[in-house]
Amino acid sequence: MTLVLLDSFAQLRLAQDRVPECEQLLEELGQLRSRAKQFRPSWYEMATYPTLIKLQQLKENWPEALSCSETGGALADARRDPILGVLFRVLQADALLALDRVESAAKVIAEASDMSAGAPIATLAELERVKGKALAKLGSHDEARRNFERAVRMLSVVGHVQARETASVDYAAAINGGELSSGNIGGAGGFQEAESLFVLASNAELFAREAYATLQAEGYARCCALWVTRNGRPLELLLNHGWTRTQALNEARRASDAKRWALGSLGERSFFMVAEAADGLPAHNGLTTFRHLVELAAQLEAFREDERCRSSLFPADTPANREDGIYVAAQTVENFAMAKRIASSKATVLLSGDTGTGKEVLARAIHRHSNRRDKAFLPFNCQAVPRDMLDSQLFGHRRGAFTGAQENFQGIIRAAAGGTLFLDEIAELALDVQPKLLRFLESGEIHPLGESRPLTVDVRVISATNAPLEQYVSEGRFREDLYYRLNVVRFRMPPLRERREEIPPLVHQFLQRYAQEENKGRLRLAEETLEYLLLYPWPGNVRQLANEVRRLVSIADANATLRPEHLSPEILAARRTVPASPPAGAPTLAEGHLSVNLDQPLGLAVAELERAIINRALGASGGRVEYAARTLKISRKGLFLKRRRLGVKGAA
């Protein structure tokens, strides 16, 4: 940390042209580095070299600048750090060009270009600057101009004022004999250099300005305008060419989606461009081709961002089929795929699984994809009706068939004629009603109470249960023949604790739905809150999760961020942070074992494990740090840093 602070002060003094003070600070840095020669140079030590190199450049001590940049590049390569490797090669090329070793500089620039993927924009801009200097020395002034101007645009967007001024001065010296003019900066791109769009697409503003500059330079557009919008506020015109400001604003406001180029978003800002082709077929063709290239670069960056989100713990997108529900886990994906395949079959379906796992959602999906989708889907809970009324409710009755039957009633089965009947809690069906249901499933006939003849009804039956039907059959509580008749196609809906990857998209869906219902605006969920939801076992499954999110929404303020303290007490209590020390009766540390409670954050468990191993190594070495470090296969410095971070004072 001392190295970083000294380097920061040295950079500040260098920017203020206080060279002697900068030299003094860098001398202190060198002394600190020399004291730690026995250790492998850390990233912090390497990161201090650029300041030393820039000081030598300011003093025009180019041989020393070259030597330091070569040393820094070798250290970066040894540590396999391509980001610092690119930076040191840029500085090395700068020194080589100052020494008129242009061919050597070109080789170094080529190496830097090959390893520049993923480098910060400021480093890429510096690379463009040295490319421009090299091309100018080789006599390619047009290409050099493009590189210089791209460097200036990049540094302007990221706000590196001093680096931008350096690039502008180098530009003027290389192209204009040392004279600066405002007309030199900001307007060339070169269509053959449009590959830079793909490199810069991660920064929407830089991408938009680069696209505008390239289009203007190629001359395909008679008029063009670049603007930005901020969360629906009036648009702000950034650049325009060929139109007056008023005309450009009017064109931007009335541009249709077909004519408006969407160039991406950065935070709350979205960038757009509109262009009018110059006269002639070549200009029209060139404009169309360039727009396709720009859209392709934007789409590629969107795919990259999507991939980054998908690889994170909590993906930003909601992988949902809005019609059938959310299914991400392998077993639920397989269930819904099978549901679509058997949807148009007449076979009966049995759904099993805990309560609240989404059995009715799957049943509705089967109905929706069947040839009965235009008819009724009728759910019926066999447990919700008194047993002595189940026969009448299912099969219907005539008026006067029994005491209290004052009207004709067609029954649930006839009400679902032509459609799908979903019998939930089928295990609770009374034994005296089961034979009539079996006959209906086998022949399609029902016999309502009070009717003299049976009736034929065409209904697809899907049943569901959270009870062990096989056990009920063996105990005589459910007819075996009815069980086999229902169990033609079987689905098992896994509990939510077995498909935790579906929790984030489910929470996102419920949060949006309930916030809209209660006019709570845009509610957000803190990542720590989502961690609690992910780790909770959810005995009530999806239904319990939905109720918990509804509760969170109901107690939240509009546009609030939902924190862990807003969760139900049982969810908070389920994730207790327990120290990783061994419980009573567990193997002791002296025996070479450590019992770790798994119900705690990963960081705490790892820290406690490291602390225990270090204590054991120090104890075995009698407190001798060098011996303990060799035992642990780390350096003395590494052991020192770990002890300081973990609070290990001495041997235990």
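The values are calculated or read from the model by the stated rules, or taken from the named source; none is laboratory data. All of these numbers come straight from a predicted model, not from anything done at the bench. Glycine gets a Cβ as well: all are built from the backbone with ideal geometry, and neighbour counts include every protein chain shown. These accessible areas exclude ligands, DNA and RNA; they are computed on the full protein's heavy atoms, side chains included. Shrake-Rupley method; radii C 1.70, N 1.55, O 1.52, S 1.80 Å.
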* Asked: Looking at segment 548-557, which of the residues that are under 26 Å from the mean Cα position of the chain (by Cα) and part of a helix (DSSP H, G or I) is nearest to residue 519 (Cα to Cα)?
  -> 553
* To do: Out of the residues in segment 244-280 that are open to solvent by 30 Å² or more (accessible area, probe 1.4 Å), in a loop (DSSP other than H, G, I, E, B) and not acidic (Asp, Glu), state the one that is nearest to residue 153 (Cα to Cα).
  => 267
* Between residues in segment 490-514 that are farther than 16 Å from residue 360 by Cβ and residues that are assigned to a loop (DSSP other than H, G, I, E, B) and among the hydroxyl-bearing types (Ser, Thr, Tyr), which pairs lie under 8 Å by C-beta distance while being six or more apart or on different chains? -> 502/327; 505/318; 508/318; 509/318
* Residue tally, condition over 17 Å from residue 472 (Cα atoms) and assigned to a strand (DSSP E or B), over segment 424-451 -> 3
* For segment 88-105, what are the residues that are open to solvent by 40 Å² or more (accessible area, probe 1.4 Å) and either among the hydroxyl-bearing types (Ser, Thr, Tyr) or under 35 Å from the mean Cα position of the chain (by Cα) (or both)? -> 104
* Do you know which of the residues in segment 113-172 that are part of a helix (DSSP H, G or I), open to solvent by 20 Å² or more (accessible area, probe 1.4 Å) and of a type in the set (Ser, Thr, Tyr) is nearest to residue 218 (Cα to Cα)? -> 156
* Asked: residue 371 is checked against (1) open to solvent by 10 Å² or more (accessible area, probe 1.4 Å); (2) of a type in the set (S, T, N, Q); (3) within 24 Å of residue 480 (Cβ to Cβ) and fails just one. What number does that condition carry?
  -> (3)
* So is residue 561 among the β-branched types (Val, Ile, Thr), surrounded by fewer than 18 Cβ atoms within 10 Å (Cβ to Cβ) and either over 28 Å from residue 610 (Cβ atoms) or modelled with pLDDT of 85 or more (or both) or not? -> yes
* To do: Find all pairs meeting these conditions: Cβ atoms under 8 angstrom apart; at least six residues apart or on different chains; first residue within segment 610-628 and without any contact (Cβ under 8 Å) to a residue 40 or more places away in the chain; second residue open to solvent by less than 40 Å² (accessible area, probe 1.4 Å) and not hydrophobic (A, V, I, L, M, F, W, C).
  => 618/650; 623/650; 627/621; 628/621
* **Set 522, 492, 497: member being open to solvent by 90 Å² or more (accessible area, probe 1.4 Å) and either at pLDDT 90 or above or touching a Gly at 6+ places or on another chain (Cβ under 6 Å) (or both)** => 492
* Within segment 608-652, count every residue that is in a helix (DSSP H, G or I), open to solvent by 30 Å² or more (accessible area, probe 1.4 Å), of a type outside the set (Gly, Ala, Ser) and out of contact with any Ser or Thr (no Cβ under 6 Å at 6 or more places or on another chain). => 20
* Quick one: would you say residue 592 is over 21 Å from residue 535 (Cβ atoms) and modelled with pLDDT under 80? -> yes
* **Where residue 419 falls short, out of the listed (1) at pLDDT 90 or above; (2) open to solvent by 20 Å² or more (accessible area, probe 1.4 Å); (3) within 12 Å of residue 459 (Cα to Cα)** => (2)
* Got a sec? Which of 486, 455 is modelled with pLDDT under 90 and either surrounded by 17 or more Cβ atoms within 10 Å (Cβ to Cβ) or among the basic types (Lys, Arg) (or both)? -> 455
* **Residue, most open to solvent (accessible area, probe 1.4 Å), within segment 173-216, restricted to residues that are part of a helix (DSSP H, G or I), within 19 Å of residue 136 (Cβ to Cβ) and at pLDDT 60 or above** => 173
* **Of all residues making up segment 203-257, the number that are touching a helix residue (DSSP H, G or I) at 6+ places or on another chain (Cβ under 7 Å) and not hydroxyl-bearing (Ser, Thr, Tyr)** => 21
* Only one of (1) in a helix (DSSP H, G or I); (2) modelled with pLDDT under 70; (3) open to solvent by less than 50 Å² (accessible area, probe 1.4 Å) is not met by residue 307, so which one is it? -> (3)
* **Matching residues, segment 217-243, being open to solvent by 60 Å² or more (accessible area, probe 1.4 Å) and either touching a strand residue (DSSP E or B) at 6+ places or on another chain (Cβ under 8 Å) or part of a helix (DSSP H, G or I) (or both)** => 222, 230, 236, 241
